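Working notes, structure below.
Readers should treat all values here as calculations from the given coordinates under stated rules, not as data from a laboratory. Note that this is a predicted model, so its numbers are computed, not measured. Heads up, the Cβs are rebuilt from the backbone with ideal geometry, glycines too, and the neighbour counts pull from every protein chain shown.
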Amino acid sequence: MAEFRTLDTVVLTRDVPDAGLRAGDLGAIVHCLTPDLYEVEFVAVSGRTQALQTLSADDLRPVGADDLLSARSARSA
């Protein structure tokens, strides 16, 4: 299990339908609550916050060197 730090960019590993999030979405750690619990902000390309979620380390993974960026409409989540 990875331990993250504030401002780390992370990848969501599961869908969070209530927040309009899908596995693979990028977020930023904005607060480390415990060594296994994090506040993560997900933003639209415009900079608008899509979701602020409390997630466990199991819900996240570090960004990998081979990861690709993409864009999708949050309305289709």
I'd like to know which of 62, 17, 35 lies farthest towards the positive end of the charge dipole of the chain, counting +1 on Cβ of Lys and Arg and -1 on Cβ of Asp and Glu. 17
Which translational diffusion coefficient, to the nearest whole µm²/s, is obtained for the range 9-64 from the Stokes-Einstein equation, given a Kirkwood hydrodynamic radius over C-alpha pairs, 20 °C and 1.002 mPa s? 193 µm²/s
Would you mind checking which residues have amide H under 5 Å from residue 60's amide H? H placed 1.01 Å from N; only 5 or more apart, or other chain. 13
Output the relative contact order of the chain, whole-number percent, from Cα pairs under 8 angstrom with separation of 6+ residues. 31 percent
Sort 62-68, 40-46 for me by packing, meaning the mean count of neighbouring Cβ atoms within 10 Å per residue, highest on top. 40-46, 62-68
So how far apart, in nm, are the two label points at residue 43 and residue 68 if each is 7 Å from Cα heading toward Cβ? 2.5 nm
Once Lys and Arg are counted +1 and Asp and Glu -1 for all other residues with Cβ under 15 Å from that of residue 51, the total becomes -1
Hz values of 3J(HN,Hα) by residue in the range 27-38 - Karplus curve (6.51, -1.76, 1.60), Gly and Pro given as x: x, 10, 5, 9, 7, 9, 7, 9, x, 10, 9, 9
